[in-house]
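Only one structure is covered here, and it is reproduced in the block below.
Just so it is clear, none of the values below were taken in a lab; they were calculated from the coordinates. Worth saying up front: this structure is predicted, and the values here are computed from it rather than measured. Every residue, glycine as well, gets a Cβ built from its backbone with ideal geometry; the counts of neighbours run over all protein chains shown.
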Amino acid sequence: MVAEIAVAKVLDDFGIEYIIKEHPDPAFTCEEVAHERDIRLSQVLKCMVGKDARDNVYVMLIPGDKLLKIQKVRNLSGGIKINLFHPVDLSAVFGVTVGAISPVQFLGIAKFYLDRTVLLEDIIDISSGSPYAGIHLKSKDLVCVVEPIVCDIISNR
């Protein structure tokens with residue numbers, strides 16, 4: 001799993017402790033991830049990717065049991081219109097597996113927004129880049145790696 005190795009290497013370079021959780025069946029949805037990795041849905045990290053009119057890339061990180069409110073991200077970014085990538089475009093442009101996107105795959109090319117409710121979980125699960133494995137790590141360690149704007153970007157519904 002090339003992507004998994006690349007994600008793990010980045011975490012190693014940062015000195016982050018983590019556990020790779022492999023499973024035989026692929027997991028593409030947060031519900032499948034929680035089931036396959038035997039964790040709560042709130043521990044699964046959704047990684048949603050968008051761009052603005054100037055092709056600046058934004059990664060929004062929220063718990064698996066929450067919904068993104070894109071308008072909140074737009075407001076935080078000064079009213080800039082940010083739209084989520086279409087899955088086909090996301091895969092074509094970045095070479096990522098939709099449904100198995102790791103925030104680490106966007107280091108150096110994106111601005112990160114992390115919903116503060118992610119930090120309610122000590123241990124979270126990010127994708128390894130493969131639908132066959134996740135990476136468990138401390139939420140505070142992920143913050144050290146991606147240096148996000150910690151904010152409120154989930155829907156209140």
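What is the packing order of peptides 88-95, 105-112, taking the mean over residues of other C-beta atoms within 10 Å and listing the highest first?
So the order, starting with the most tightly packed, is 105-112, 88-95.
All other residues whose Cβ lies under 13 angstrom from that of R54 are scored, Lys and Arg at +1 and Asp and Glu at -1, for a net of +1. Shown in residue order for the range 58-68 are the 3J(HN,Hα) couplings computed by the Karplus curve 6.51 cos²θ - 1.76 cosθ + 1.60 at θ = phi - 60°: 10, 10, 10, 10, 9, x, x, 9, 10, 10, 6 Hz (x for Gly and Pro).
Over the chain, dividing the summed -39,500 (n - 2.57) contributions of all DSSP H runs of at least 4 residues by the number of residues returns a 222 nm mean residue ellipticity of -7500 deg cm²/dmol. Taking the Cα atoms of the chain, the ratio Rg/Rh between the radius of gyration and the Kirkwood radius comes to 0.93. Between D52 and K81, the simple spin-label model (points 7 angstrom out along Cα→Cβ) gives 1.3 nm. Compute the signed sum of charges (Lys and Arg +1, Asp and Glu -1) over the other residues within less than 11 Å, Cβ to Cβ, of E36. Local charge sum for E36: -4. Each other residue within a Cβ distance under 15 Å of N83 adds +1 if Lys or Arg and -1 if Asp or Glu, for a net charge of +4. Which whole-number percentage describes the relative contact order of the chain, with Cα contacts under 8 Å and a sequence gap of 6 or more? Value for the chain: 31 percent.
Span-like helices, the chain: DSSP H, alpha-carbon axial extent 15 Å or more, mean Kyte-Doolittle -1.0 or greater, which ones?
2-13
In this simple spin-label model, placing a label point 7 Å from the Cα along the Cα-to-Cβ direction at both K140 and L41 gives a separation of 2.8 nm.
Just for the range 2-151, what percent of DSSP beta bridges are antiparallel, to the closest 5? About 70 percent, rounded to the nearest 5.
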